[in-house]
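Contents: one structure, followed by commentary.
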Amino acid sequence: MNKLSSAVKILVVDDQPFIAAELCEFLEGRGYRCVPCETGKQAVERFNDDEAIGLVLCDLHMPGLDGIQLVQELQRLSGKHRVFEAIMLTGRADKQDVIKALRAGFADYYQKPINLGELLEGIARQVVVLQERQKSVQLGHLDQKLQYLAESIEDLYQDLDKVRRGPLLSVSPDEDVSAVDRVEIPAIFSQLSPRQWEVARLVGKGQTNYQIACELGITENTVKLYVSQVLRLTHMHNRTQLALALLPGHSGMRQGVTTH
């Protein structure tokens with residue numbers, strides 16, 4: 001059990017400091033790492049500062065933030081990217097309070113004076129639940145990254161195919177190119193692929209990533225990837241600098257290209 005729980009840190013919150021200290025001493029003797037707190041405000045600060053905290057033991061009736069308000073605040077701070085489990089400790093087991101606490105997100109509750117053996121068993125159960133929830137969150141993040149990568153790769157392959165079939169070429173003055181098709185770009189952008197140049201040109205027009213995605217028929221995440229590539233290849237720091245470089249009459253060297 002100790003090896004399983006060692007990665008999970010427990011936040012112990014009670015407005016009676018000796019209770020929090022005794023609980024921490026007991027749990028640390030069983031292999032758990034603990035962080036004692038005397039107030040809800042202090043608990044919020046500790047939770048924010050330490051992402052290893054995954055389990056919260058807290059008294060229900062406390063001045064300032066009570067146990068329910070504390071858990072609700074931790075839920076708000078956690079959002080979708082961090083999970084934790086909460087166990088309520090109470091000296092007054094009012095049925096309505098218990099129901100309200102369970103509805104608010106507490107996984108379990110124990111009446112004071114606490115049976116430490118039962119508490120250990122309950123903590124062990126919640127550690128297992130927590131680890132399963134953490135796996136689900138991590139898998140969800142990986143799935144999003146894989147989807148983003150797949151979309152980006154698909155768009156890049158489409159660009160590669162376009163380049164192979166019709167590369168971006170410099171145009172000499174005697175070639176028959178209409179004024180509509182002919183644009184001039186700073187030489188610093190000549191190394192960009194056709195799609196990278198399209199994205200850069202639309203950024204220069206002040207369009208958002210969403211607007212660019214709609215116009216080019218690609219995902220917003222892919223637009224972000226292209227913008228990042230353009231900034232890196234042109235050694236620019238941000239979109240504003242990129243837009244300024246594309247203004248008419250900019251002092252940078254320009255060369256004629258044909259866009260398709």
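The values are calculated or read from the model by the stated rules, or taken from the named source; none is laboratory data. All values derive from a computational prediction rather than experimental measurement. Note: ideal-geometry Cβ built from the backbone for every residue, glycine included; neighbour counts use all protein chains shown.
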Inset, instruction - For residues that are surrounded by fewer than 21 Cβ atoms within 10 Å (Cβ to Cβ) and either in contact (Cβ under 8 Å) with a residue 24 or more places away in the chain or over 21 Å from the mean Cα position of the chain (by Cα) (or both), tally how many sit in the stretch 69-80. - result: 6
Inset, instruction - State whether the residues of the stretch 131-143 include one that is over 20 Å from Phe26 (Cβ atoms), aliphatic (A, V, I, L, M) and at pLDDT 90 or above. - result: no
Legend entry - Failed condition for Asn238, given (1) touching a helix residue (DSSP H, G or I) at 6+ places or on another chain (Cβ under 8 Å); (2) modelled with pLDDT under 85; (3) exposed (fewer than 14 other Cβ atoms within 10 Å of the Cβ): (2)
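Matching residues to (1) surrounded by 13 or more Cβ atoms within 10 Å (Cβ to Cβ); (2) farther than 30 Å from Leu149 by Cα; (3) in contact with a Ser or Thr (Cβ under 8 Å, 6 or more places away or on another chain); (4) modelled with pLDDT of 75 or more:
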{"residue": "Pro173", "(1), (2), (3), (4)": "no, yes, no, no"}
{"residue": "Arg182", "(1), (2), (3), (4)": "yes, yes, yes, no"}
{"residue": "Phe189", "(1), (2), (3), (4)": "yes, no, yes, yes"}
{"residue": "Trp197", "(1), (2), (3), (4)": "yes, no, yes, yes"}
{"residue": "Gly206", "(1), (2), (3), (4)": "no, no, no, yes"}
{"residue": "Leu225", "(1), (2), (3), (4)": "yes, no, yes, yes"}
{"residue": "Leu233", "(1), (2), (3), (4)": "yes, no, no, yes"}
{"residue": "Val257", "(1), (2), (3), (4)": "yes, yes, yes, no"}
Inset, instruction - Could you grab the pairs with beta carbons closer than 6 Å, sequence gap of 6+ or different chains, first residue in the stretch 125-144 and among the β-branched types (Val, Ile, Thr), second one part of a helix (DSSP H, G or I)? - result: Val127/Ser5
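Is it the case that Gly54 is closer than 22 Å to Lys112 by Cβ, touching a residue at least 40 places away in the same chain (Cβ under 8 Å) and of a type outside the set (Phe, Trp, Tyr)? Can you show your working first?
Working: closer than 22 Å to Lys112 by Cβ: no; touching a residue at least 40 places away in the same chain (Cβ under 8 Å): yes; of a type outside the set (Phe, Trp, Tyr): yes.
Considered against the rule, which asks whether it is closer than 22 Å to Lys112 by Cβ, touching a residue at least 40 places away in the same chain (Cβ under 8 Å) and of a type outside the set (Phe, Trp, Tyr), Gly54 comes out as no.
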Legend entry - Leading residue by the ranking (farthest from the chain's Cα centre (by Cα)) among those in the stretch 81-95 that are closer than 28 Å to Arg133 by Cα and of a type outside the set (D, E, K, R): Thr90
Legend entry - Any chance Gln16 is of a type in the set (S, T, N, Q) and over 27 Å from the mean Cα position of the chain (by Cα): yes
Inset, instruction - Look at the stretch 81-107 and say how many of its residues are buried (at least 18 other Cβ atoms within 10 Å of the Cβ), outside any helix (DSSP H, G or I) and charged (D, E, K, R). - result: 1
Legend entry - Members of the stretch 209-238 found to be touching a residue at least 40 places away in the same chain (Cβ under 8 Å) and either of a type in the set (S, T, N, Q) or closer than 16 Å to Ile153 by Cβ (or both), listed by number: Ile218, Thr219, Asn221, Thr222, Leu225, Thr234
Inset, instruction - Determine whether the stretch 94-109 contains at least one residue that is within 14 Å of Leu57 (Cβ to Cβ) and of a type in the set (Val, Ile, Thr). - result: no
